[in-house]
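Here is the structure we will look at, set down as structure tokens.
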Amino acid sequence: MKAITYLLLLIILGLAAAPWGVGILVEKRYREMLDQISKLYGSDVEFQVDFKRGYLSSVAKTSITDPATGQTMNFVDTIQNGPVIFDFKGVANPASYIPQGFKLAVIDSKLEGLLEESIKAVYGGKEAYKITTALDYAGNGETTIKVFPLQVNQGPDNTVDWQGGVYTIKFDSSLENFTGNIAFPKLVYSDGLNKIMVSDITGNFKSNVETNEGNYNFGIAEIIVSDHNTDDQVSIKKINFTGKADVNNNMLTANMQYATDSIDYIGDVYGPIGFNITFGNIDNELFKQISKGGEQGQNMDPQLLEFFKQRPTMNITLEAATPQGDISVAVLAEVGNADLTELTEESLMSSSSINADIKVGKELILIALREYVASEISMQEAIYFMQNRENAQAAPNPYVMTTAELQEFSNEWIATFTQYMVDDSFWIDAGDQYTTNIKFVNNEIMFNDVVKTPTDLEYLGASLNITIEPEQANPDIKTNKKSATQQPAVPTDSIPEPPSDLQPMTEEEAEQRLDAVQIPAGI
């Protein structure tokens, strides 16, 4: 009988001491995890931890600092030690004493400092999120981040309706293998000008940070942007991002895809749209060395030379349907070869090859060229004004045009330019499309199997220049060597408004015009 009593006493003492013993294991595992994360980031971040071990629970304060900026993010982790996990709801609440499971630890994390105060301010002092990590005895873990809903109403046209969401991520004891899921149902934001709605953000991923293998899939059901003051609306439906990386015999292949079912832009429907890019022939070990060495500022030229000896490839495709015609692009690029002996721009160019097939609807080309001409005329008007604003003898600004003049000039310039592109084999006229094949091999470039010299390419660039002599009343294009062929007239309302419509321009207006221009002259 005494033996049984002693045994029960030992069991009770063991159970009572268990949380303390587990607390020691928890601290060890916690510090191991920080060390593993620190190795992943290298010298990019610095970790500091203050761990205070307790009986049933422990507290750890961890700071993560970016040495480059000095910015620090602080976390406070409240850790419930195993072996039995309880959901403590208060001393008088019986539910507090019902075991929730057997784990090494459950960690509740909170931000601390200015970031946390900013989040609280947005949520009006209410709880904004909950971060929980459960660790099992094998060292594996699962982190769940819950973002709570938020409603802000500061008037009929100034609201936020955020339905929150959940993000989970599982990891193994080595912190090499990760899987995760994300789900955010809906966000509606409205201000005095626009209303934005984003529906059903979902996704999942799986990755191995050591081997670079993995895959991901993220999607958005719909994005709608509408104008409060008009009926104008932009709707993007079924946006999807996918990616996959595989390693076979140490050679990495990585693929990324983007797809959209449709984009409704104020009544014009574009889509479907698909973009695909694949990288192949990548030496995985060299890629990892180059990535880490580059982050640490090391000279990786020897590794880069070996990397390009494998002749890595890049394959790009783009398919898009638009009301003005379809777009199709396919590009295959290969860089380097096994005979590469030095890492120079010249050696890389001579060992590279590019093949591109491009097809674009004619109407899209014409729209782009009209916008280009209008932008160039606007910029040149401002430049001429700024150069001659103090010259009383200067001729009238030749770039000041009425709507009709700009339309006529644009039609003539586009007709000349497009005919030149066809005549010199840069484009092929294929009915409702312009098509082209571009090859770059052995430092030689060909358009549609016609070799182009540096002089040809310089002339192509010069043909985009728009220059009007001040003394010319009805200027013609001077830079194109081919005679212009008149294109069919386009509706007047398709031409942008003229730069100033014969109205004098102030110096301030000219400076604003120059600041707003994004397409440089001659490009």
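Read-outs: derived from the displayed coordinates by stated rules, not from any lab. All values derive from a computational prediction rather than experimental measurement. Heads up, the Cβs are rebuilt from the backbone with ideal geometry, glycines too, and the neighbour counts pull from every protein chain shown.
Once you've got the Cα coordinates, tell me which of K130/K206; K146/K238; K103/K237; K39/K206 are over 31 Å apart.
As for pairs spanning more than 31 Å Cα to Cα, those are K103/K237.
Can you sort E117, E142 so the residue with the fewest Cβ neighbours within 10 Å comes first?
Ascending number of Cβ neighbours within 10 Å: E117, E142.
Net charge around N337, counting only other residues with Cβ within less than 12 Å of its Cβ (Lys, Arg = +1; Asp, Glu = -1)?
Local net charge: 0.
Among L406, L111, L457, what is the fewest-to-most ranking by other Cβ atoms within 10 Å?
The most exposed by this proxy come first: L457, L111, L406.
Treating the beta-carbon of each Lys and Arg as +1 and of each Asp and Glu as -1, no other charges, what is the dipole magnitude of segment 149-231 about its Cα centre, to the nearest 20 debye?
That gives a dipole near 200 debye.
Residue by residue, what Karplus-based ³J(HN,Hα) values in Hz, rounded to whole numbers, does segment 105-112 have, using 6.51, -1.76 and 1.60 with θ = phi - 60° and x for Gly and Pro?
The phi angles translate into 6, 10, 10, 9, 10, 9, 6, 9 Hz.
How are the Cα pair distances of segment 149-231 distributed, in percent, across 10 Å bins from 0?
Going from the shortest bin to the longest, the percentages are 16, 33, 24, 17, 9, 1.
Report the percentage of all Cα-Cα pairs in segment 255-329 whose separation exceeds 18 Å, rounded to a whole percent.
In whole percent, the share of Cα-Cα pairs in segment 255-329 beyond 18 Å is 58.
Can you work out the Karplus-derived ³J(HN,Hα) for every residue in segment 253-268? Use 6.51 cos²θ - 1.76 cosθ + 1.60 with θ = phi - 60°, whole Hz, and x for glycine or proline.
With the stated coefficients, segment 253-268 comes to 10, 10, 10, 10, 10, 10, 9, 9, 5, 7, 10, 9, 9, 6, x, 8 Hz.
Sorted by mean Cβ packing within 10 Å, highest first, what order do the peptides 387-393, 237-243, 224-230 take?
Descending packing order for the listed peptides: 237-243, 224-230, 387-393.
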